[in-house]
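A.B. asks: Before I ask anything, let me first share the structure, which is written out below as structure tokens.
The values are calculated or read from the model by the stated rules, or taken from the named source; none is laboratory data. Only a predicted model underlies this, so the values are computations on that prediction, with no experimental measurement involved. As a convention, Cβ positions derive from the backbone with ideal geometry for all residues, glycine included, and neighbour counts pool all protein chains shown.
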Amino acid sequence: MRFIAIFLNNKKAYWKQNLKYLGILLFVWFFVSFLCGILLADYLNQFYLGGFPLGFWFAHQGAIYVFVCLIFVYVYLMNRLDKKYHLDEG
Amino acid sequence: MDAQFWTYSLVGVTFAMYITIAIISKAGSTKDFYVAGSGVHPLANGMATAADWMSAASFISMAGLIAFMGFSGGQFLMGWTGGYVLLALLLAPYLRKFGKYTVPDFIGERYYSKNARLVALICALFVSFTYVVGQMKGVGVAFARFLDVPYDTGVLIGIGIVFFYAVLGGMKGITYTQVAQYCILIFAFTVPAIFISIQFTGNFLPQIGLGSKTTDGVYLLEKLNQLTVDLGFDQYTQVNKQNLMNMFFITAALMFGTAGLPHVIVRFFTVPKVRHARLSAGWALLFIAILYTTAPAVAAFARTNIIHTVADQSYESLPQWFKNWEGTGLLSFEDKNNDGHVQYNADASINELTVDRDIIVLANPEIANLPPWVIGLVVAGGLAAALSTAAGLLLVISTSISHDLLKKNLRPNISEKNELWAARISIAVAVVGAGLAGLNPPGFVAEVVALAFGLAASSFFPAIILGIFDKRMNRQGAVAGMISGIVFTMCYIVYFKPQLGGVGTPAGYWWGISPEGIGTLGMLINFIVAISVSRLTTKPPQKIQELTESIRYPKGSGKPKEIQIR
């Protein structure tokens with residue numbers, strides 16, 4: 001019984017940690033696209049990245065690069081988490 | 001050797017390749033047919049997902065749309081990529097753990113209801129069918145313009161090819177053909193872009209070229225801003241402040257819609273394990289991003305090129321490509337002031353030039369004076385994009401019929417062998433049906449395709465997310481949510497779309513949100529209704545709560561458990 005209780009607690013902790021990762025990564029997702037690429041783009045356009053006005057860069061390039069990175073970061077974090085809690089599939 | 005020769009040979013070679021792959025990867029079981037035996041390597045699945053996802057519209061129309069929208073075109077770039085973050089983080093791993101074949105499967109079992117399955121089934125069929133008709137139209141147009149084949153014959157050739165490899169190989173055949181199609185389409189899209197980037201800026205990466213200086217020492221975007229302002233347009237990079245709220249809603253609707261489209265979701269059922277589902281979403285987005293970060297560069301180069309070559313030039317001195325494309329009706333010049341020069345201006349009363357957005361990608365090689373084989377390559381790429389998307393959608397249609405309708409509703413005792421036959425027959429019928437619709441596309445197809453995203457966002461997305469993240473969510477909540485979300489979205493769209501018989505005008509838009517973006521609001525309504533209704537009604541059965549718990553942990557994804565539903 002005690003073993004099962006520990007196991008259940010572990011699962012809870014695993015899920016909580018997963019939700020924490022999701023919260024952080026989805027905040028970044030929202031920040032680069034909806035904020036930098038849309039709502040704040042006009043303000044950011046006064047700064048330049050090479051020949052790119054910054055807000056324009058986020059909308060046409062930057063947000064997409066960040067999206068790709070976010071998924072690979074999540075893959076890395078979750079593979080580590082699966083192993084830590086022995087919930088991986090071997 | 002002219003462009004015609006190259007186009008025929010490249011299209012011929014690629015088609016022969018698709019047929020060969022189909023023969024090699026014949027499906028032997030329903031699992032092969034529906035989910036390629038769940039044995040696809042994550043990298044291959046990433047490529048197949050990318051080809052599945054990038055349609056004729058992404059390949060041919062998107063760069064052109066951006067070229068004429070400037071900054072606001074970012075809504076397509078962010079909207080059609082951002083959805084993959086949601087897929088990878090919120091959907092793909094859990095649905096893979098659930099381990100069934102279709103989205104209606106998930107909805108039906110998680111909400112322990114055949115009716116919920118049926119609602120999901122109808123939504124999936126509707127979304128997929130409208131979408132596939134658009135692809136068939138793209139195939140016909142590509143044939144008609146480049147190979148001097150009549151439009152109808154073009155559609156028939158397209159049907160023939162898809163028929164062959166989809167009926168024979170099912171998901172297995174489609175997956176490996178899509179891998180080949182991805183390679184062709186991405187090569188075809190980037191090669192002209194690289195050439196043009198070198199011509200303009202000396203930089204071979206279009207993504208960097210877009211932010212570089214042109215040969216005369218001025219930044220390309222600065223130059224383009226100047227050119228557009230001179231002609232009376234807004235600056236190319238300028239934020240359209242009146243449109244900001246609408247852009248926000250459209251971007252969100254495209255993202256959530258992407259994450260709710262059945263033909264994209266089903267791709268994540270084809271990999272062996274949960275961690276592969278996460279990883280292959282990453283690969284898919286990386287492969288998609290190659291095209292999506294190149295497209296804005298193509299757009300800016302092409303807009304600059306057109307202004308330079310055409311604006312204020314005398315009609316007599318225009319290059320040959322202008323006259324070629326005039327013949328297709330995609331370019332037109334009307335000499336309003338009879339001075340023999342082309343006036344290109346934001347003011348419609350003096351503007352004399354009309355440019356169809358599709359021309360940007362299709363005529364780009366000619367405009368930039370690239371060798372004739374590049375033109376052939378672009379045609380083969382456009383066809384690859386259209387065929388790969390069509391095949392993925394047709395599979396969803398066939399699986400919905402043979403698995404969700406026949407096996408799970410009408411004939412539960414059907415044998416494995418007969419189910420496979422039923423799957424083959426229904427995909428054959430779907431291919432022919434889509435082809436016939438493609439021969440006579442109803443005028444509103446383009447409108448409906450755009451709405452598919454809004455409908456997917458307001459129906460599937462919340463139902464799946466709540467099914468995973470909210471253990472308390474029950475049948476009553478999910479069904480009420482789906483119905484209110486989709487009914488609201490549908491009504492708003494029909495009311496404000498004159499093409500669908502609506503009487504509303506843009507002046508009446510709520511908070512300036514156009515029909516393309518209303519799916520976001522429909523989704524929020526779905527969430528609110530579903531959560532409220534579920535809290536006021538009984539808890540879902542213990543078995544379902546256990547199912548919801550179990551899909552959260554990757555361990556044991558190999559052997560899906562059958563749960564009996566009433």
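A.B. asks: Of everything in the stretch B:492-534, what is among the aliphatic types (A, V, I, L, M) and outside any helix (DSSP H, G or I)? Give them in sequence order.
C.D. replies: B:503, B:513, B:518
A.B. asks: Any chance you could count how many residues in the stretch A:44-64 are within 8 Å of chain B (Cβ to nearest Cβ) and either surrounded by fewer than 17 Cβ atoms within 10 Å (Cβ to Cβ) or more than 21 Å from residue B:285 (Cβ to Cβ) (or both)?
C.D. replies: 8
Yes/no matrix, rows are residues, columns are (1) within 25 Å of residue A:63 (Cα to Cα); (2) not in a helix (DSSP H, G or I):
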site: B:237; (1), (2): yes, yes
site: B:268; (1), (2): yes, no
site: B:291; (1), (2): yes, no
site: B:312; (1), (2): no, yes
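A.B. asks: Please note which helices (runs of 4 or more DSSP H) are completely contained in the stretch B:354-466 and include at least 2 residues that are over 28 Å from residue B:306 (Cβ atoms) and either touching a residue at least 40 places away in the same chain (Cβ under 8 Å) or more than 22 Å from the chain's Cα centre (by Cα) (or both). First the steps, then the outcome.
C.D. replies: On the way: elements: B:359-362, B:364-367, B:372-399, B:416-439.
The qualifying helices (runs of 4 or more DSSP H) are B:372-399, B:416-439.
A.B. asks: Where residues in the stretch B:210-231 are in a helix (DSSP H, G or I) and more than 7 Å from every other protein chain (Cβ to nearest Cβ), which of them is farthest from the chain's Cα centre (by Cα)?
C.D. replies: By that ranking, first place goes to B:230.
A.B. asks: Need a quick list: helices (runs of 4 or more DSSP H) entirely within the stretch B:1-89 having at least 3 residues that are under 30 Å from residue A:34 (Cβ atoms).
C.D. replies: Once the helices (runs of 4 or more DSSP H) in the stretch B:1-89 are filtered for at least 3 residues that are under 30 Å from residue A:34 (Cβ atoms), what remains is B:42-53, B:62-69, B:74-86.
A.B. asks: While we're here: For the stretch B:169-213, how many residues are surrounded by fewer than 23 Cβ atoms within 10 Å (Cβ to Cβ), more than 25 Å from residue B:284 (Cβ to Cβ) and in contact (Cβ under 8 Å) with a residue 24 or more places away in the chain?
C.D. replies: The qualifying residues number 2.
A.B. asks: Within the stretch B:296-349, can you find the residues that are closer than 18 Å to residue B:362 by Cβ and hydroxyl-bearing (Ser, Thr, Tyr)?
C.D. replies: B:304, B:309, B:328, B:332
A.B. asks: Within the stretch B:130-143, is there a residue that is modelled with pLDDT of 80 or more, out of contact with any strand residue (DSSP E or B) (no Cβ under 7 Å at 6 or more places or on another chain) and surrounded by fewer than 24 Cβ atoms within 10 Å (Cβ to Cβ)?
C.D. replies: no
A.B. asks: OK, next. Which one is nearest to the chain's Cα centre (by Cα), of the residues in the stretch B:70-85 that are more than 8 Å from chain A (Cβ to nearest Cβ) and within 16 Å of residue A:45 (Cβ to Cβ)?
C.D. replies: Taking the candidates together, the pick is B:72.
A.B. asks: Within the stretch A:65-83, count every residue that is touching a residue at least 60 places away in the same chain (Cβ under 8 Å) and more than 9 Å from every other protein chain (Cβ to nearest Cβ).
C.D. replies: 1
A.B. asks: Then there is this: Given the stretch A:16-90, what helices (runs of 4 or more DSSP H) lie entirely inside it while holding 1 or more residues that are at pLDDT 95 or above?
C.D. replies: Hits in the stretch A:16-90: A:63-84.
A.B. asks: Moving to a separate point now. Within the group B:129, B:163, which residue is aromatic (Phe, Trp, Tyr) and within 30 Å of residue B:483 (Cα to Cα)?
C.D. replies: After applying the criteria, what remains is B:129.
A.B. asks: Give the residue that is surrounded by the most Cβ atoms within 10 Å (Cβ to Cβ), with candidates limited to residues of the stretch B:306-320 that are more than 19 Å from residue B:349 (Cα to Cα) and in contact with a Ser or Thr (Cβ under 9 Å, 6 or more places away or on another chain).
C.D. replies: It comes out as B:318.
A.B. asks: Now, a different point. Of all the residues that make up the stretch B:244-266, how many are among the β-branched types (Val, Ile, Thr), farther than 25 Å from residue B:119 by Cβ and either more than 9 Å from chain A (Cβ to nearest Cβ) or assigned to a loop (DSSP other than H, G, I, E, B) (or both)? Outline the logic, then answer.
C.D. replies: Restricting attention to the stretch B:244-266, the residues satisfying the condition of being among the β-branched types (Val, Ile, Thr) are B:250-251, B:258, B:264-266.
From what's left, farther than 25 Å from residue B:119 by Cβ: B:250-251.
Add one more test, that the residue is either more than 9 Å from chain A (Cβ to nearest Cβ) or assigned to a loop (DSSP other than H, G, I, E, B) (or both), and what stays is B:250.
Residues flagged as among the β-branched types (Val, Ile, Thr), farther than 25 Å from residue B:119 by Cβ and either more than 9 Å from chain A (Cβ to nearest Cβ) or assigned to a loop (DSSP other than H, G, I, E, B) (or both) within the stretch B:244-266 amount to 1.
A.B. asks: Could I ask something else about it? Going by what's in this entry, would residue A:86 be described as at the interface with chain B (Cβ under 9 Å from one of its Cβ atoms) and either among the β-branched types (Val, Ile, Thr) or surrounded by fewer than 14 Cβ atoms within 10 Å (Cβ to Cβ) (or both)?
C.D. replies: On the way: at the interface with chain B (Cβ under 9 Å from one of its Cβ atoms): yes; either among the β-branched types (Val, Ile, Thr) or surrounded by fewer than 14 Cβ atoms within 10 Å (Cβ to Cβ) (or both): yes.
So residue A:86 passes the test.
A.B. asks: Considering only residues that are buried (at least 24 other Cβ atoms within 10 Å of the Cβ) and assigned to a loop (DSSP other than H, G, I, E, B), look in the stretch B:102-128 and name the one that is modelled with the highest pLDDT.
C.D. replies: The extreme case among them is B:111.
A.B. asks: If you don't mind, there's one more thing I want to ask. Which of the residues belonging to the stretch B:170-209 are of a type in the set (A, V, I, L, M, F, W, C), within 14 Å of chain A (Cβ to nearest Cβ) and not in a helix (DSSP H, G or I)?
C.D. replies: Once the filter is applied, which keeps residues that are of a type in the set (A, V, I, L, M, F, W, C), within 14 Å of chain A (Cβ to nearest Cβ) and not in a helix (DSSP H, G or I), the stretch B:170-209 yields only B:205.
A.B. asks: Looking at this structure, is residue B:486 modelled with pLDDT of 85 or more, surrounded by 12 or more Cβ atoms within 10 Å (Cβ to Cβ) and touching a Cys at 6+ places or on another chain (Cβ under 9 Å)?
C.D. replies: Yes.
A.B. asks: Here is a follow-up. Just the residues that are over 23 Å from residue B:266 (Cα atoms) and within 14 Å of chain A (Cβ to nearest Cβ), please, taken from the stretch B:55-67.
C.D. replies: Passing the criteria: B:62, B:63, B:65, B:66, B:67.
A.B. asks: Tell me, please, whether a residue that is aliphatic (A, V, I, L, M) and at pLDDT 85 or above can be found in the stretch B:197-207.
C.D. replies: To start, the set of residues in the stretch B:197-207 that are aliphatic (A, V, I, L, M) comprises B:198, B:205.
Still in the running and at pLDDT 85 or above: B:198, B:205.
Yes - at least one qualifying residue is present in the stretch B:197-207.
A.B. asks: Please enumerate the residues belonging to the stretch B:275-314 that are more than 9 Å from every other protein chain (Cβ to nearest Cβ), more than 22 Å from residue B:41 (Cα to Cα) and of a type in the set (Val, Ile, Thr).
C.D. replies: B:294, B:298, B:304, B:306, B:307, B:309, B:310
A.B. asks: Output the residue which, of all residues in the stretch B:86-115 that are within 14 Å of another protein chain (Cβ to nearest Cβ) and among the basic types (Lys, Arg), is farthest from residue B:395 (Cα to Cα).
C.D. replies: Out of the qualifying residues, it is B:97.
A.B. asks: Tell me which of these residue B:222 doesn't satisfy, since it passes every other one: (1) more than 29 Å from residue B:376 (Cα to Cα); (2) crowded, with 19+ Cβ neighbours inside 10 Å.
C.D. replies: Tallying (1) more than 29 Å from residue B:376 (Cα to Cα); (2) crowded, with 19+ Cβ neighbours inside 10 Å, residue B:222 fails exactly one: (2).
A.B. asks: Kindly list, by first and then second residue, each pair from a residue in the stretch A:21-43 that is within 10 Å of chain B (Cβ to nearest Cβ) and crowded, with 19+ Cβ neighbours inside 10 Å to a residue that is outside any helix (DSSP H, G or I) and not basic (Lys, Arg), limited to pairs with Cβ atoms under 6 Å and residues at least 6 apart or on different chains.
C.D. replies: A:41/B:239
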